[in-house]
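Here is the structure we will look at, set down as structure tokens.
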Amino acid sequence: MRRALLLACLTLGPAVAATPGRMSEPPRSSFSTVTTMQQARPTLDLLVTVRLLAGLLERGTLAPGAQARAELAAALGELSTRPTLGPLAADRTLDRVRGALTGTQRGTLDAARADLERRADLNLSRARFAAPDGPVNVALLRYGFMLPGGFALARQVAADPELNPYARGGASAATLERLLALLRGP
């Protein structure tokens, strides 16, 4: 009997010691809300698109004509000078980029995106994640595997959807500069 009572006290002790207010609160995570991801998604998608375009042009997989190169350079050239970006501006830029490409070129870009997402999903399936403030945001982690700036950049964009990563320097700005040089080059 004593043993059963001792076992019950040891098992229930931490649960009883927890305050009722803390037990009823949902886990807090500033990056797990749907609204945050909806606001951040256009900028994150633009970051991924710029990365993919730079890679496709470097490998020669995508070869837009002179007019399309000029349109792409015009759409992307202003990114590094803007103090903020925001979801609407990022969405408009994405539309201009996709509009400058032919249907086949958009298909090539979409296929490269699908391949990058498969690789990110593979990395996610191999990794273990834990967050001290609640469940992890898998969508944000996926972007972290797809962006030149990694999860730190994805998290910054999610925390501040008006953030312009291209105006701050770093890996994303370098990728944009490389892409613009490829578009303006021979």
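The Cα trace of segment 32-71 gives Rg and Dmax of 14.3, 43 Å, the first to one decimal, the second as a whole number. Within the shell defined by Cβ-Cβ distances under 13 Å, the residues around Pro148 carry a net charge of +2, with Lys and Arg each +1 and Asp and Glu each -1.
By average Cβ neighbour count within 10 Å, what is the ranking of 119-125, 66-72 from highest down?
On the way: 119-125: 12.9, 66-72: 15.1.
Ranking the peptides 119-125, 66-72 by packing returns 66-72, 119-125.
Across segment 80-186, the volume of the C-alpha convex hull divided among the residues equals 127 Å³ per residue. Each Lys or Arg adds one and each Asp or Glu takes one away; over the other residues whose Cβ falls under 11 Å from the Cβ of Gly86, this sums to -1.
Near Thr43: Cβ cut-off under 10 Å, other residues only, Lys/Arg at +1 and Asp/Glu at -1. The net charge is -3.
Readers should treat all values here as calculations from the given coordinates under stated rules, not as data from a laboratory. Bear in mind the structure is a predicted one, so any value in this text is a computation, not a measurement. Cβ sites come from the backbone with ideal geometry, for glycine too, and all protein chains shown count toward neighbours.
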